[in-house]
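Taking it in order: structure first as structure tokens, then the write-up.
The values are calculated or read from the model by the stated rules, or taken from the named source; none is laboratory data. Keep in mind it's a predicted model, so treat the numbers as computed, not measured. Cβ placement follows ideal geometry from the backbone for every residue including glycine, while neighbour counts extend to all protein chains displayed.
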Amino acid sequence: MLYKAVILIGGPQKGTRFRPLSLEFPKPLFPVAGFPIIHHHIEACSKVPDLLEILVIGFYQPSEALNRFLTSSQRESNINIRYLQEYTSLGTAGGLYHFRDQILSGQPDGFFVFNGDLCCKFPLAEMLEFHNQRTNGQHFTLLATEAPKSQSLNYGCLVKDPETHEVLHYVEKPQTFVSSIINCGLYLFTPEIFEHISTVFKENQAEIFNGDSFSSNRDTIRLEQDIFSPLAGTGKLFVYNCEDLMWSQIKSAGSAIYANRLYLGLYHDTHPERLAKNDENGPHIVGDVFIHATARVDATATLGPNVTIGAGVIIGPGVRVRESIILEGASLQDHCCILHSIVGWNSVVGAWSRVEGTPKGPNPNDKFAKMDSDNLFDDHGKLTPSITILGSNVSIPAEVIILNAIILPDKEIRGTFKNQILL
Ligand SMILES: Nc1nc2c(ncn2[C@@H]2O[C@H](COP(=O)(O)OP(=O)(O)O[C@H]3O[C@H](CO)[C@@H](O)[C@H](O)[C@@H]3O)[C@@H](O)[C@H]2O)c(=O)[nH]1
């Protein structure tokens, strides 16, 4: 059986907590546990036997960074990888439909579709096995997991037949509780899915000529509302439910820090060589830490748990870093302290300064709790305390405190700042 994979990466977005970090760099390339978010998807795909190619679909302008990433991923994984750009946001099914000829070229028997903003222990082999056990032939499988009742409302929710695992009912982000089984944003489709998308496409186009709709987004088709909801209960849609799945969305900077922790934890099984170890000449390592081979870390620094140090980073004596991501080219000067923060590309933190955010994470007492995607502002218009973010080329002087702040790129900070966005 031949398969393909499609990764939906969306496009530039405004007003998110990721903004200072995604201004110059598409979010799917943001490094988590040392590698771009979608590198983890590609790595999972490379383990699927007979994978014909990977198509990355989005509405980002092709950029040097994206091209460089795709070329190097292709070389490393030895799989053909192409970027297909939508002319506008076509929705999670619209992009698939627009590029259906490319997806079906080479005649795959099926294809995986990934939301690009997932952090997951992608159970592709298990999904394939589950999918192929259904006798139906032309059917579709989606990956699901459990969420607490209150959090389930933030996701696609589904009700399944406990015997057959057929999806009987699907509601995208319901207003009231439907089910604690949530859509994880990873699907396995057969080519027949295009017949269902085509029906919706034609209905939408017909509306233009019936004068029913002047909406500018009539080319948009959503997998969740337009395809899954009507497919539920027709015997075509099945759910592979992985209750204990290691899974999170990456929507905010807080969730990037959480995903960093999850992927570093996974490296114990998948890539133990990527985890830093304590040795006489190196820094003190606490828990899971990734240090890029080109970073220079003083032996008196203490790093961890859950820290990623990017390429070319320089870390001075006595520095302390925990629960943070330090991006390529940054410099942390003597005895500074970085907690629950993301330090942007080529930023400098001066000696004895403290950069600190507020920890974000799912409720540890609730087995199925998910990471909430934190809003930038609370109901009173105040910045909600969360991860501190320094954009690229930010300079923090010596002996100041930066607490719960978001600092846009290229800023030279002169003093202490708390609970602010510095534009
Ligand atoms: N190519 C492309 N990608 C898109 C588009 N719109 C969204 N995407 C990508 O599709 C994924 C889903 O994005 P959203 O539309 O923001 O949905 P969501 O709020 O994340 O919810 C989805 O994911 C949840 C799990 O993470 C699901 O529970 C939910 O049902 C839904 O599928 C993201 O990776 C996003 O970049 C589009 O027009 N074009």
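What to note about this one:
- When the residues of segment 113-158 are filtered to those that are small (Gly, Ala, Ser) and assigned to a helix (DSSP H, G or I), the one that is farthest from SER255 (Cα to Cα) is ALA125.
- Pairs, first over 12 Å from VAL343 (Cβ atoms) in segment 393-408, second acidic (Asp, Glu) and buried (at least 17 other Cβ atoms within 10 Å of the Cβ), C-beta under 8 Å, six or more apart: ILE401/GLU356; LEU403/GLU356; ASN404/GLU356
Yes or no, residue by residue, for (1) of a type in the set (A, V, I, L, M); (2) over 30 Å from ALA144 (Cα atoms); (3) at pLDDT below 95:
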site	(1), (2), (3)
PRO317	no, yes, no
VAL321	yes, yes, no
ALA330	yes, yes, no
CYS336	no, yes, no
ASN363	no, no, yes
ALA369	yes, no, yes
LEU383	yes, yes, yes
VAL394	yes, yes, no
GLU399	no, yes, no
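- Residue match in segment 70-84 (condition: assigned by TED's automatic domain parsing to the domain that holds GLU203, touching a residue at least 60 places away in the same chain (Cβ under 8 Å) and within 13 Å of the ligand (Cβ to nearest atom)): no
- In segment 1-20, of all residues being away from the ligand (no atom under 14 Å from the Cβ) and under 15 Å from the mean Cα position of the chain (by Cα), the one that is surrounded by the most Cβ atoms within 10 Å (Cβ to Cβ) corresponds to ARG17.
- Of note, GLU166 satisfies the criterion of being buried (at least 17 other Cβ atoms within 10 Å of the Cβ) and away from the ligand (no atom under 12 Å from the Cβ).
- Residue within segment 370-381 that is within 20 Å of the chain's Cα centre (by Cα), without any contact (Cβ under 8 Å) to a residue 12 or more places away in the chain and part of a loop (DSSP other than H, G, I, E, B) present: yes
- Any hit, segment 259-270, residues being surrounded by fewer than 19 Cβ atoms within 10 Å (Cβ to Cβ), assigned to a strand (DSSP E or B), away from the ligand (no atom under 16 Å from the Cβ) and not assigned by TED's automatic domain parsing to the domain that holds CYS120: no
- Filter result for ASN154 (under 19 Å from the mean Cα position of the chain (by Cα), within 15 Å of the ligand (Cβ to nearest atom) and either buried (at least 18 other Cβ atoms within 10 Å of the Cβ) or farther than 17 Å from MET371 by Cβ (or both)): no
- Given (1) under 28 Å from PRO36 (Cα atoms); (2) in contact with an Asp or Glu (Cβ under 8 Å, 6 or more places away or on another chain); (3) more than 11 Å from the ligand (Cβ to nearest atom), number of the condition GLN138 does not satisfy: (1)
- Counted residues, segment 277-306 - those being of a type in the set (A, V, I, L, M) and either touching a helix residue (DSSP H, G or I) at 6+ places or on another chain (Cβ under 8 Å) or not assigned by TED's automatic domain parsing to the domain that holds LEU339 (or both): 1
- All positions within segment 32-49 that are more than 22 Å from CYS184 (Cβ to Cβ) and either touching a residue at least 40 places away in the same chain (Cβ under 8 Å) or within 16 Å of the ligand (Cβ to nearest atom) (or both): GLY34
- Residues of segment 306-327 that turn out to be surrounded by fewer than 22 Cβ atoms within 10 Å (Cβ to Cβ) and in contact (Cβ under 8 Å) with a residue 40 or more places away in the chain, as a count: 1
- ILE221 being surrounded by 15 or more Cβ atoms within 10 Å (Cβ to Cβ), in contact (Cβ under 8 Å) with a residue 12 or more places away in the chain, assigned by TED's automatic domain parsing to the domain that holds ARG134 and part of a loop (DSSP other than H, G, I, E, B): yes
- Some residue of segment 242-256 being polar (S, T, N, Q) and modelled with pLDDT under 90: yes
- Cross-chain or 6+ apart pairs with Cβ under 7 Å, segment 112-134 first and more than 25 Å from HIS268 (Cα to Cα), then away from the ligand (no atom under 15 Å from the Cβ): PHE112/TYR3; PHE112/LEU124; ARG134/PHE238
- Exactly one residue out of LEU52, LEU23 is outside the structural domain of ASN306 (by TED's automatic domain parsing), in contact with a Pro (Cβ under 7 Å, 6 or more places away or on another chain), closer than 27 Å to THR220 by Cα and more than 15 Å from the ligand (Cβ to nearest atom): that is LEU23.
- Screening SER105 against (1) within 16 Å of the ligand (Cβ to nearest atom); (2) more than 25 Å from ALA256 (Cβ to Cβ); (3) free of Cβ contacts under 8 Å to residues at least 24 places away in the same chain leaves a single unmet condition, (1).
- Some residue of segment 171-191 being among the hydroxyl-bearing types (Ser, Thr, Tyr), surrounded by 18 or more Cβ atoms within 10 Å (Cβ to Cβ), outside any strand (DSSP E or B) and away from the ligand (no atom under 16 Å from the Cβ): yes
- Count of segment 82-108 residues, restricted to those that are touching an Asp or Glu at 6+ places or on another chain (Cβ under 7 Å) and among the hydrophobic types (A, V, I, L, M, F, W, C), is 2.
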